[in-house]
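These notes are about the structure you will find just below.
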Amino acid sequence: QVQLVESGGGLVQPGGSLRLSCAASGIRISIYRMGWYRQAPGKQRELVAAITHGGTTTYSDSVKGRFAIARDNAKNTVTLQMTSLKPEDTAVYYCNANHPIRDYWGQGTQVTVSS
């Protein structure tokens with residue numbers, strides 16, 4: 001059974017930082033493109049950051065320079081370091097493991113940026 005379990009979400013003040021983690025089981029993430037998506041209330045789910053199996057990273061324009069995605073294939077985890085957080089970053093953040101013939105999602109972790 002494949003599981004992606006996110007952790008690290010919470011409430012943070014504007015300008016603060018959070019580090020999200022995604023622990024995978026049932027798959028080896030080394031062959032997957034790993035991504036973080038988010039969905040705010042009333043909005044569509046959007047890509048935040050992704051990292052290919054080769055280590056190439058992609059970021060949405062809204063988080064470029066503030067967020068950093070990293071993968072540890074040995075630990076089967078992917079992280080999202082978020083800095084300079086803004087209220088508009090508030091959303092449920094989802095971990096995704098993508099392969100041409102397989103696609104897996106975590107259950108999500110809430111990030112709330114508010115004073």
Where N is the number of residues in the range 1-47, Cα Rg divided by 2.2 N^0.38 Å: 1.41
Where labels lie 7 Å past Cα in the beta-carbon direction, separation of Arg28 and Val5 in nm: 2.2
In this structure, the FRET efficiency calculated for Asn98 and Ser17 from their beta-carbon separation, with R0 = 35 Å, to the nearest 0.05, is 0.85
The long-range amide H neighbours of Gly16, using H built 1.01 Å from N in the peptide plane and a cut-off of under 5 Å, are Leu85
Over the Cα atoms of the chain, what radius of gyration and what Dmax do you get, in Å? 13.3, 43
If you take the Cα Rg of the range 23-89 and divide it by 2.2 N^0.38 Å, with N the number of residues, what do you get? 1.16
At a threshold of 8 angstrom on Cα-Cα distance, excluding pairs fewer than six apart, so keeping six or more, what relative contact order does the chain reach in percent? 37
Test of the criteria: in the range 1-91, which chymotrypsin sites (Phe, Trp or Tyr not before Pro) are in a DSSP loop and have at most 15 other Cβ atoms within 10 angstrom of their Cβ? none
Note down the net charge around Ala91, summing +1 for each Lys or Arg and -1 for each Asp or Glu among other residues with Cβ under 13 Å from its Cβ. 0
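The numbers here are math on the coordinates, done by the rules we state, and not lab data. Predicted model, so just to flag it, every value in this text is computed and none were measured. Counting neighbours? That spans all protein chains shown, and the Cβs are built from the backbone with ideal geometry, glycine included.
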